[in-house]
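> I am attaching a structure below and will ask some questions about it afterwards.
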Amino acid sequence: MVEDNFDYPVLECGQLVIDLKRRKVTIDDKKIELSTKEFNLLYFLVKHPGWVFSYEELYRLIWGQEPINCKNSVMCCVSQVRKKIELNSRYPQYIHTVRDIGYKFELLPED
């Protein structure tokens, strides 16, 4: 018998839960459907709370390509993730824009 020694973390941040092994995202136990890029982007940001990543860094890390005219691709992907995980994507609670630089993940308390 082969033993599985892989560590598959489950990341929890408030009501947001990301299960890497099952590639499953839930909020309040409701499953959120994400594309592969959307999942990878969200998982990466959640793994590094508070870290600020430039558009180019995110493109290089998530798309796996050299970033040439990448800002729009990253912005579109973040926008799609926000629409799926945020109560109000115009006032995000999880993924925040760092003006002229990129994005960071940080859970803000609800008002």
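The values are calculated or read from the model by the stated rules, or taken from the named source; none is laboratory data. As the structure is a computational prediction, the values presented were derived from the model and not from experiment. Don't worry about glycine lacking a Cβ; one is built from the backbone with ideal geometry, like all the others, and counts go over all protein chains shown. Keep in mind that these areas ignore ligands, DNA and RNA; they rest on the heavy atoms of the full protein, side chains included. Shrake-Rupley method; radii C 1.70, N 1.55, O 1.52, S 1.80 Å.
> Could you list, in sequence order, all residues of the stretch 36-55 that are open to solvent by 50 Å² or more (accessible area, probe 1.4 Å) and touching a residue at least 40 places away in the same chain (Cβ under 8 Å)?
Passing the criteria: K37, P49, W51, V52.
> Hey, another quick one. If you scan the stretch 102-111, which residues turn out to be open to solvent by 20 Å² or more (accessible area, probe 1.4 Å) and at pLDDT 95 or above? First the steps, then the outcome.
So in the stretch 102-111, the residues open to solvent by 20 Å² or more (accessible area, probe 1.4 Å) come out as 104, 106-111.
If the condition is that a residue be open to solvent by 20 Å² or more (accessible area, probe 1.4 Å) and at pLDDT 95 or above, then K104 is the only one that fits.
> Take the residues in the stretch 33-58 that are assigned to a helix (DSSP H, G or I), touching a strand residue (DSSP E or B) at 6+ places or on another chain (Cβ under 8 Å) and aliphatic (A, V, I, L, M), then tell me which one is nearest to K104 (Cα to Cα).
So the residue we want is L45.
> Say we look at the stretch 12-25 and pick out the residues that are within 19 Å of K37 (Cβ to Cβ) and part of a strand (DSSP E or B); which of these is most open to solvent (accessible area, probe 1.4 Å)?
Here the residue is K24.
> Return the total of residues in the stretch 63-92 being open to solvent by less than 70 Å² (accessible area, probe 1.4 Å) and under 12 Å from the mean Cα position of the chain (by Cα).
Result for the stretch 63-92: 8.
> Here is a further query. Using the structure shown, decide if S89 is of a type in the set (G, A, S) and part of a helix (DSSP H, G or I).
On the way: of a type in the set (G, A, S): yes; part of a helix (DSSP H, G or I): no.
No: the conditions fail for S89.
> Output the number of the condition that N69 fails; it satisfies all remaining conditions of (1) in contact (Cβ under 8 Å) with a residue 12 or more places away in the chain; (2) assigned to a loop (DSSP other than H, G, I, E, B).
Result: N69 fails condition (1) only.
> Would it be correct to say that R60 is open to solvent by 30 Å² or more (accessible area, probe 1.4 Å), at pLDDT 95 or above and not aromatic (F, W, Y)? Working first, answer last.
Details: open to solvent by 30 Å² or more (accessible area, probe 1.4 Å): yes; at pLDDT 95 or above: yes; not aromatic (F, W, Y): yes.
In short, yes.
> Right, next: Out of all the residues in the stretch 33-55, which are in contact with a helix residue (DSSP H, G or I) (Cβ under 6 Å, 6 or more places away or on another chain) and under 17 Å from V98 (Cβ atoms)?
The initial filter retains those residues of the stretch 33-55 that are in contact with a helix residue (DSSP H, G or I) (Cβ under 6 Å, 6 or more places away or on another chain), namely 37-38, 40-42, 55.
Correct list: L41, L42, Y55.
> A further question follows. Taking the options L16, L58, name whichever one is among the aliphatic types (A, V, I, L, M) and under 19 Å from V98 (Cβ atoms). Show your work before the answer.
Values: L16 fails: under 19 Å from V98 (Cβ atoms).
So the residue among L16, L58 that is among the aliphatic types (A, V, I, L, M) and under 19 Å from V98 (Cβ atoms) is L58.
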